[in-house]
1. Filter the stretch 171-195 down to residues that are out of contact with any Ser or Thr (no Cβ under 6 Å at 6 or more places or on another chain) and among the charged types (D, E, K, R) and give me whichever is surrounded by the most Cβ atoms within 10 Å (Cβ to Cβ).
2. Give me the helices (runs of 4 or more DSSP H) completely within the stretch 436-522, filtered to those with at least 1 residues that are open to solvent by 20 Å² or more (accessible area, probe 1.4 Å), ordered by residue number.
3. Please give the number of the condition Pro449 fails out of (1) in contact with a Gly (Cβ under 7 Å, 6 or more places away or on another chain); (2) at negative phi.
4. Under 8 Å by Cβ, and 6 or more places apart or on different chains, what pairs join a residue from the stretch 223-238 that is farther than 23 Å from Ala140 by Cβ with one that is open to solvent by less than 10 Å² (accessible area, probe 1.4 Å) and charged (D, E, K, R)?
5. Six or more apart or on different chains, Cβ under 7 Å: which pairs go from a residue in the stretch 550-562 that's at negative phi to one that's among the hydrophobic types (A, V, I, L, M, F, W, C) and open to solvent by 40 Å² or more (accessible area, probe 1.4 Å)? Could you list them?
6. Do we find that Asp50 is in contact with a strand residue (DSSP E or B) (Cβ under 8 Å, 6 or more places away or on another chain), open to solvent by 30 Å² or more (accessible area, probe 1.4 Å) and either closer than 30 Å to Ile233 by Cα or outside any helix (DSSP H, G or I) (or both) in this structure?
7. Pairs, please: C-beta under 6 Å, at least 6 apart or cross-chain, first residue without any contact (Cβ under 8 Å) to a residue 60 or more places away in the chain and in the stretch 579-595, second assigned to a loop (DSSP other than H, G, I, E, B) and open to solvent by 40 Å² or more (accessible area, probe 1.4 Å)?
8. Could you grab me the full set of residues in the stretch 105-125 that are touching a helix residue (DSSP H, G or I) at 6+ places or on another chain (Cβ under 7 Å) and in a loop (DSSP other than H, G, I, E, B)?
Amino acid sequence: FASLFARLYDLQVVGSSEAQLQAEANRVRTVQMPAPRGRILDRNGEVLVDNRVVAVVAIDRNRFTDLAQQERRGLLDRLTLELTAAGHPITPKEIRQRVSDERYSRYAPVPVATDVPEELKIRLEEHPDEFPSVVVERTAVREYPFGNLAAHILGYVGKINEDELAFVESDTAKPYVLNDDIGKAGVERTFERHLRGTPGVRRIEVDAEGEPVRLISETEPRPGDDLVLSIDIDLQALAEQALQQGLADARNRAPDEGEPPFDATTGAAVVQDPNNGQLLALASYPTYDPTTFVDGIDTREWDFLNDPANGNPLNNWAIQGQWAPGSSYKLFVGYGAMHSGLMAPDTTFFDTGGYLIPGCTDDPKCFRSNAGGASYGSVTIDRALTVSSDAFFYNVGAQFWIQRDRFGKNGLQQHLAPWGLGQETGVALTGERPGRVPDPEWKSQQSDPDWRTGDSVNMAVGQGDVLVTPLQLANGYATFANGGTRYVPQVALRAQDYQTGDPAEKFEPEVAQQVELRPEERRALLDGLANVPISGTAVSPFAGFPLDSFPIAGKTGTAQVDGKADTAVFSAFGPVDSPQYQVTAILEESGFGSTSAAPVVRRIFEVLGGFAPKPTAVPNGL
């Protein structure tokens with residue numbers, strides 16, 4: 001009896017709290033109710049991503065399992081025929097697998113098709129005898145008023161997968177369950193914690209067999225915060241239009257005899273505020289329609305969007321495209337030449353039209369010619385930038401390597417790094433790539449491990465193994481424009497309450513690095529860039545542009561690619577004395593930078609300077 005009473009005391013007194021919790025857990029089930037995601041707005045309050053209410057066809061698992069086997073088979077056959085005819089192809093086997101998946105709550109209908117037509121919703125609701133256990137609910141899905149405009153910035157959402165569910169399962173404030181939507185790309189993904197709403201909770205009492213008895217309590221879902229981007233949707237429309245037109249013009253241009261055609265399949269354009277790093281536009285081509293992902297994407301559509309033959313439309317070429325920058329790289333190489341002490345701003349070099357690599361013999365590649373074989377005579381660094389003297393910069397690259405005992409094996413490379421070259425910019429978008437600044441250590445890992453003078457020569461003119469992304473190049477030029485402050489490119493300004501608009505979190509400009517840029521160095525480089533559209537390589541594309549009232553400084557680039565047409569590059573900022581905008585365009589397989597990329601940048605600057613009307617982004621596409 002003593003042992004019995006001791007055990008009773010232990011169960012009823014000592015362990016009573018734990019027993020009560022277990023009993024409560026046995027009789028109460030909780031079901032999450034999805035919450036609408038926050039909207040996404042541009043800097044002026046224009047709604048770029050919204051929510052719309054759609055019909056969802058689901059199956060009540062409890063009622064479904066109560067049906068006889070023959071009834072289940074007939075129901076699934078009828079339901080799949082209706083869904084397939086309504087544009088939602090599905091098989092009975094797929095529905096069975098979903099209904100039997102234990103990861104779905106037993107106390108909430110299992111969804112089988114989202115965004116079904118209203119006609120189908122009405123038919124299913126009016127014929128419950130034909131479709132027992134089938135329910136039609138309402139839920140919010142993403143809506144993109146401007147179609148594919150800014151698609152790579154916005155990204156898309158999709159159903160959470162097992163890896164993602166395991167990663168976010170510790171989020172107790174906004175818990176996830178199977179079939180929840182989650183950001184997959186763009187700001188939908190990087191700002192998921194703000195955009196996701198707080199799910200509602202329904203507490204249901206169940207009997208000993210787990211059957212629902214009554215609703216105990218219910219907490220309404222709370223929508224996520226709205227996200228305000230730094231993007232101006234009208235400028236975004238302008239950048240995308242100008243980029244697409246530039247690529248189309250390149251494709252329509254006949255190549256010289258014996259030269260490869262201008263395929264011009266991909267490209268990107270960037271508009272940035274150099275004073276704080278805010279991105280005003282970020283265009284990538286080809287693009288896609290994020291609405292495709294709203295009700296799920298099939299294999300055929302997915303393969304198309306990831307096919308290189310189609311230009312990989314899902315790729316954000318502004319941050320994932322890696323191209324040789326050509327002569328646009330000379331700005332940073334010129335800085336390295338002066339800042340290292342290799343030369344002074346007034347150091348002259350006699351350009352005879354080419355450059356013979358020191359120590360190189362018995363190879364036709366030992367002599368490197370300027371574009372078109374042009375010779376420029378005595379040039380200083382500013383003049384070399386204006387006319388794009390390859391010979392001048394060939395010599396810079398060669399001297400860094402020849403004098404490596406003085407400057408080190410990475411003498412030139414160490415002066416490129418502060419500009420953010422060869423590293424990710426840190427922009428809050430998914431999939432960014434780092435570009436490449438090759439050095440002897442990197443080359444030692446390749447099939448030809450020896451670094452030679454010619455490697456430094458190639459790098460000095462943005463060729464060889466050098467790679468940049470359009471955003472990386474733009475950010476480097478923006479850093480020079482503002483006097484040496486390199487910002488992390490900013491794509492979002494704030495998250496705000498969906499009802500009041502009060503800021504939930506503000507995103508301030510973030511400085512990545514301060515570049516040591518001496519006044520005499522900046523003046524020499526700035527003079528060279530400012531004369532590019534006046535008397536240099538961009539005279540033709542800027543003919544007639546009011547440079548007196550809105551002076552622009554920039555640099556063209558034409559990068560050669562074996563077996564393909566050249567990559568066209570142009571990066572510029574203005575007005576020169578007080579830069580407000582930095583604009584960069586890179587067009588793959590499109591020819592000379594002055595012919596293909598510079599006109600794209602000019603068209604954008606015409607609007608930025610107020611010399612052409614600003615286009616208005618129109619809902620449902622450009």
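The values are calculated or read from the model by the stated rules, or taken from the named source; none is laboratory data. For clarity, every value in this text was computed on a predicted model and none was experimentally measured. Methodologically, a virtual Cβ is constructed for each residue, glycine included, from the backbone with ideal geometry; neighbour enumeration extends over all protein chains shown. Ligands, DNA and RNA are excluded from the accessible area calculation, which covers all protein heavy atoms including side chains. Shrake-Rupley method; radii C 1.70, N 1.55, O 1.52, S 1.80 Å.
1. Glu188
2. Numbers: elements: 440-444, 453-460, 470-481.
Because the criterion is at least 1 residues that are open to solvent by 20 Å² or more (accessible area, probe 1.4 Å), the helices (runs of 4 or more DSSP H) in the stretch 436-522 that meet it are 440-444, 453-460.
3. (1)
4. From the stretch 223-238, the pairs are Ile231/Asp42; Asp232/Asp42; Gln236/Asp42.
5. So the pair list comes out as Thr558/Phe592.
6. yes
7. Sorted first by the residue in the stretch 579-595, then by its partner, the pairs are Ser594/Thr537.
8. Across the stretch 105-125, the qualifying residue is only Arg106.
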